[in-house]
Structures are given as C-alpha cells and as structure tokens.
Amino acid sequence: MTIKRFLKAVAVMVAITAFNNTPGMASESEVLIIANKDMTINSLSKAEIKNIFLGMTTFWPDNTKITFATLVKLEVHKRFVVKYTNKSTDQFRAYWRNQLFIGKGRIPKIFKTEQEIVNFVAKTDGAIGYVSPSAAIDTVKVITVSDN
Amino acid sequence: MNLKKTTTLILFAVIIFSKNSLAEDQYGQVDIHGFISQGYLQTDKNNYLAETEDGTFQFNEMGINFTTDVTDRLRLGVQFFARDMGINGNDEIVVDWANADYHWRDWLGVRIGKHKGFSGFFSATRDLDMLRTCILLPQSTYGELFRDAFSSYRGVEFYGRILLGRAGLLAYEFSVGEPNFSPDTGIAYAFKQAFSILNLEINNVKPSTTQAYRVTWYAPLAGFKIKSGWIEGKNTLISGSLNSALADRAGLTKFEYEYDFDSYFVSTEYQREKLSLIGEFLSGSMDGKWDLGLGYEDRPPRTFQGWYGALNYDFSEFFKASVSYSEFYPDVDNRHGKDVNPVTDYNTRLLLSNRKVFGNDFEAWLKTTTLSLRFDVNEYWLLKLEVAYNDGFGAYTSAENPRKPDDPFVADVDRYWFLYAAKVTYTF
C-alpha cells in the first residue's frame, strides 16, 4: 500500500462521516433525578451524582449499596450524561466498557423506556436513576440537585 | 493455589451463583460480553514484530468475559483472551483476568486472582481496541514487545477511593503479585533475539514478586486527572541454553540472567467535551548480572525513558481523530547511540568489546508521529486507520530484520520508516 492510496482511502472515509455530524453533546435542560422512596437522602450535589454514575461512589452514607440505572438512546439520556458526567454518550459507554473488560466493574442497568426505569427504581433498595420531567413518577421520589 | 485452579474455581463459582436472567433481583445474573478485532499492518521499510514489509494479518485480538455479583459487595468474573501479533500470541487462549472482588467500603476493597494493568492510563486496556482512537498505543510508554508480560499479573490488589471535598477525588491501588513472565512472553523473546548470534533458547523465566502502587487524582477542574505509580521487582531469573559455534569457541555453556527492575510513571489527561489532551511519561531501570558458564558478571545498569503527548477530538459520534508524538530512549545515558561496550571477559569472548552498544546509532531512539482515525459504524462495529512516521528503531527488536552482509552483528534496518495500520472491531 502506498501512502497516496492510504491517504485517498482516509479522505473518502472522513468525507462520509465528518459531516454526518450528530451532536455528541446535547444541550443542558431539565432532567429529574429519581430515587427509591425508602431512601433517606433527599438531595445530592452534581459532583455526587457524577461520582455515583461513574462508579466512584458505590455506597450511600448508611453503607447500603447504590444501584444506579440508566436509559439508552432516549434524548433524556443524552441530556443527563452530558450535564452530570462531563461526557458524551459514547464516552460514557466507553467508560463503562473499560471497567467491564478489565474486570473492575459491570455495565450499569440499562432500560429502554422511562416507565421501565421508574419501575426498577421503585422496587429496588438503594436505587437511583433519571427521567424527563414528563415521566410518571408517583412511585419514586425526586432528588433535589445542588450545584456544589 | 495456582492460576488454573483459581480460574476454574472462579468460573465454577460464577456458574453456581448464576441464575435465570429474568430473576427479579440483580444478584446472580451473569453478564456475558466480548470483542473480536482483526487488524492489518504494513511498513514501507523494516519489519516490525512480524513480516510487515510484505503486510500481515497476524494482528488480532478476541476476548469473552463472564461476570456476576454474588452479593452487594462480592463480584466474581473471568475473561478469556487470545491474540496474535507476528510470533507473539498465536491465538492461544489464556486467562486474561479472573478475580474475586470484595468491595467492603468505597475506601477499601480487595481483589484476589489475576488482574489487569500495571502502569499508565492504558496498560490495563491495551488489548481493548474499542476504548481508544489509536490502533497502536505510543511505543514510548506501551512497548508492544513487553505487552503480554505487563498487561496483567496474579496476586492481591487493595483499592479504594476517597472524596476530598472541594479538592476532588483520590483513587488508589496497591498490589503484590507476579507479572506474566514466561518463556512464551515477549520478555523472553527479547532476550532470545538479543542473543540470537549465540542461538539462545530460553528454558525458564522465574518472575519476581512485584509490588506496585497507583494513585489517581481527579481534580475539581472537570475532566482533569493525574495518575502516577511505581513498580518494583527483584531477582527475576531468566535461564536458557546456548547452541552456536561462537558460544562453543568462546567456552560459553549456559545462560542465566538475574536482574532487578523498577519503574515509575506520571500520566495526565484533560478532557473537555469533544477534546482530550493526554501526556504520559515512563521511566524504568534494570540492574542485573549474568552467568554464561564462567561465573557471574555484573551488567551495566540501564535506564529507559519514554513520553508522549496526544490530542484526541471527537468530530461526531461516528468519527474521531487523534494525533500524537512520542519519544523513547532504551538507554537514557546513550541517547545518541555512540557508546561502546566496555572491555570485559564475556564481551571479549563474544566479540563485543569496544563495539557500539547499538549496532546502528538510530537504535538508541524512536521518535514517532502518528495520525489515527476512528469510524464508529454503530454501537458494535468500528473501523480504524492509522499512519505513523518513525525516526529510529529504539523500541523494537530488530530480530525480524536481516543482518548487514558485511557485519552480522548489525541489523540491516532503515532510520526513517512508515507504519500503516487498519483494524476492524466488533464488541458486544
């Protein structure tokens, strides 16, 4: 393979994909953080939420296990990941694949619909997740989020 | 308990504790994930770890893992892995990692078994093509030759994380164990090729007990982290036999090399939205002695150093690019390749006294500029292309290359050369 052939192949690939630019970073807008109703926690900071969803903090203050749940492909998932983890959705996926394939973590619980994630959080001790403001959240509590 | 027994036990436990994936609670469900990569390598000059001047497909990786949470604090997992790169790997299936992980508190957990990773940001993930933009990690800090030796180790690992309030978060690991040294790994191959003129056959590699620590500081500045670590091993013993006319004439009957090594690294990354900047520095030293049948002789200690800087940019979910520049020096005290071997009994017998340590000056360094492109077809499939421009041959063994017709001690390699790489990966 000559370098000219290589560069031609590269140019074609770049042209096809570089302008097919689905934004990796969604705009920040409302996301509701939800938790199991039995939890004593009522508020969390953005940093605490980030640490939970990146697996840095895995226990609540009473030493019960944190179980966090995520959505996939929905717009609210993009909004949540960008706003709270400082990553794009594919960076977030790569982060957890990293943990999985080196034997230091498991892929988070993933749900396809907001109703499924609400049901899971409602019935799971120590569970936390997120939904859009329009989701039905009668069976869970909403966590207040502070900037610090 | 040896590793085969440990792996069998962990796999057995994963099966025993597993249950139907439709079960209500999360404990006992077994996650199964895997990946397979196929690559292609070509160089315009010089052979790199394989017959790359003609192009080679002997460049692939595949792995599958099984993980389950037994309780809210105990996780079991095992990953089987195979790879091929020239003469290394040959698709033989090995246990990549297999461990029991008891996570007592955020500030303290313990893993027993076989674990991934020694140094830098990427030594644990270097087999995982889907996690980065480049195909080959910078050879200045992640030399391919020693990849299998240092990508995992068996032993005990303590780990934890501490929240520092406004100062961010500190993660730490401390481990004691044995690296993956054996006559089949690159470290033995490096010795074998370095002494190819004696037709050295490595029979045994006895790894030392190795201790290491790694600390990562996640700064309050979002996306900024610094990682540093240190590793030390004493009394690694490599032994083999010599089968050449030169060895016979010199009266050399065996090969035993015993050495200590230590290494440290500093890595830093700043990631902001689509952009990430990474810089890593690695330094290590070896200090040993050898016996070729006439008694032990101290060998000159050698310190290697390497660093690189990389810029990654995510143009979209489908297209990412990376550029990097790296430098590696196998002997920092001989950066220009001019030094000669001292006159010693063994060097004289081997016809090495007063000869240059590196046959070609440019084997004393490797400076590489790399452009990498990544195309994510979808969540599971990706394609990568890469071109690297190299000055020098310092990070590689020159063994796959012919010797100069007028000097069998010197490899017939070129100073400036290109490496082209392509790779396709499927992950599930």
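Restricting attention to the range B:67-82 and to residues that are touching a residue at least 40 places away in the same chain (Cβ under 8 Å) and surrounded by 21 or more Cβ atoms within 10 Å (Cβ to Cβ), the residue that is farthest from A:Gly126 (Cα to Cα) turns out to be B:Phe81.
Quick one: in the range B:222-236, which of the residues that are within 14 Å of chain A (Cβ to nearest Cβ) and of a type in the set (A, V, I, L, M, F, W, C) is nearest to the chain's Cα centre (by Cα)? The extreme case among them is B:Phe224. Considering the range B:275-376, the qualifying strands (runs of 3 or more DSSP E), each wholly inside and each with 1 or more residues that are in contact with a Lys or Arg (Cβ under 8 Å, 6 or more places away or on another chain) and within 14 Å of chain A (Cβ to nearest Cβ), run over B:302-314, B:319-329, B:366-376.
Yes or no, residue by residue, for (1) crowded, with 20+ Cβ neighbours inside 10 Å; (2) within 19 Å of A:Lys104 (Cα to Cα):
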| residue | (1), (2) |
| --- | --- |
| B:Ala124 | yes, yes |
| B:Gly143 | yes, no |
| B:Leu170 | no, yes |
| B:Val176 | no, yes |
| B:Ala194 | no, no |
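On inspection, B:Tyr102 fails the criterion of being hydroxyl-bearing (Ser, Thr, Tyr), touching a residue at least 60 places away in the same chain (Cβ under 8 Å) and touching a strand residue (DSSP E or B) at 6+ places or on another chain (Cβ under 9 Å). Of everything in the range A:85-110 that is more than 27 Å from B:Ala321 (Cα to Cα) and in contact with a helix residue (DSSP H, G or I) (Cβ under 8 Å, 6 or more places away or on another chain), the residue that is nearest to the other protein chains (Cβ to nearest Cβ) is A:Arg106. Residues in the range A:111-126 include at least one that is facing chain B (nearest Cβ under 10 Å), surrounded by fewer than 20 Cβ atoms within 10 Å (Cβ to Cβ) and not in a loop (DSSP other than H, G, I, E, B). Just one of the listed residues (B:Tyr426, B:Tyr416, B:Tyr420) is under 20 Å from B:Met85 (Cβ atoms), surrounded by fewer than 20 Cβ atoms within 10 Å (Cβ to Cβ), within 14 Å of another protein chain (Cβ to nearest Cβ) and touching a residue at least 12 places away in the same chain (Cβ under 8 Å), namely B:Tyr426. Note on the range B:197-208: residues that are in contact (Cβ under 8 Å) with a residue 60 or more places away in the chain and either closer than 12 Å to B:Gly240 by Cβ or part of a strand (DSSP E or B) (or both) amount to 1. Whenever a residue of the range B:231-249 is closer than 30 Å to B:Ser151 by Cα and among the charged types (D, E, K, R), its partners that are modelled with pLDDT under 90 and in a loop (DSSP other than H, G, I, E, B), lying with C-beta atoms within less than 6 angstrom and at least six residues away or across chains, give the pairs B:Lys234/B:Ser208.
Taken together, the residues in the range B:211-252 that are surrounded by 15 or more Cβ atoms within 10 Å (Cβ to Cβ) and outside any strand (DSSP E or B) amount to 8. Restricting attention to the range B:377-398, the residues that are away from chain A (no Cβ under 14 Å) and either over 30 Å from B:Leu131 (Cβ atoms) or basic (Lys, Arg) (or both) total 1.
Within the range A:64-84, which residues are under 27 Å from B:Leu108 (Cβ atoms) and in contact with a strand residue (DSSP E or B) (Cβ under 7 Å, 6 or more places away or on another chain)? Across the range A:64-84, the qualifying residues are A:Lys65, A:Ile66, A:Thr67, A:Phe68, A:Ala69, A:Thr70.
Taken together, B:Glu379, B:Glu400 contain a single residue that is touching a Phe, Trp or Tyr at 6+ places or on another chain (Cβ under 9 Å) and of a type in the set (D, E, K, R), which is B:Glu400. Of the residues making up the range A:31-54, those that are out of contact with any Phe, Trp or Tyr (no Cβ under 6 Å at 6 or more places or on another chain) and β-branched (Val, Ile, Thr) are A:Ile34, A:Thr40, A:Ile41. In this structure, does B:Ala190 turn out to be within 14 Å of chain A (Cβ to nearest Cβ) and among the aliphatic types (A, V, I, L, M)? No: the conditions fail for B:Ala190. Given the criteria surrounded by 19 or more Cβ atoms within 10 Å (Cβ to Cβ) and free of Cβ contacts under 8 Å to residues at least 60 places away in the same chain, does B:Ala388 qualify? No, not satisfied. Total residues in the range B:145-168 satisfying the condition of being touching a strand residue (DSSP E or B) at 6+ places or on another chain (Cβ under 8 Å) and either buried (at least 23 other Cβ atoms within 10 Å of the Cβ) or within 28 Å of B:Ile93 (Cα to Cα) (or both): the figure is 12. Among the residues of the range B:378-417, the one identified as more than 21 Å from the chain's Cα centre (by Cα), assigned to a loop (DSSP other than H, G, I, E, B) and among the aromatic types (Phe, Trp, Tyr) is B:Tyr380.
Taking the criterion of being among the charged types (D, E, K, R) and touching a helix residue (DSSP H, G or I) at 6+ places or on another chain (Cβ under 9 Å), the residues of the range B:128-144 that qualify are B:Arg132, B:Glu144.
The values are calculated or read from the model by the stated rules, or taken from the named source; none is laboratory data. All values reported here derive from a predicted model rather than from experimental measurement. Positions of Cβ are backbone-derived with ideal geometry, glycine not excepted, and every protein chain shown enters the neighbour counts.
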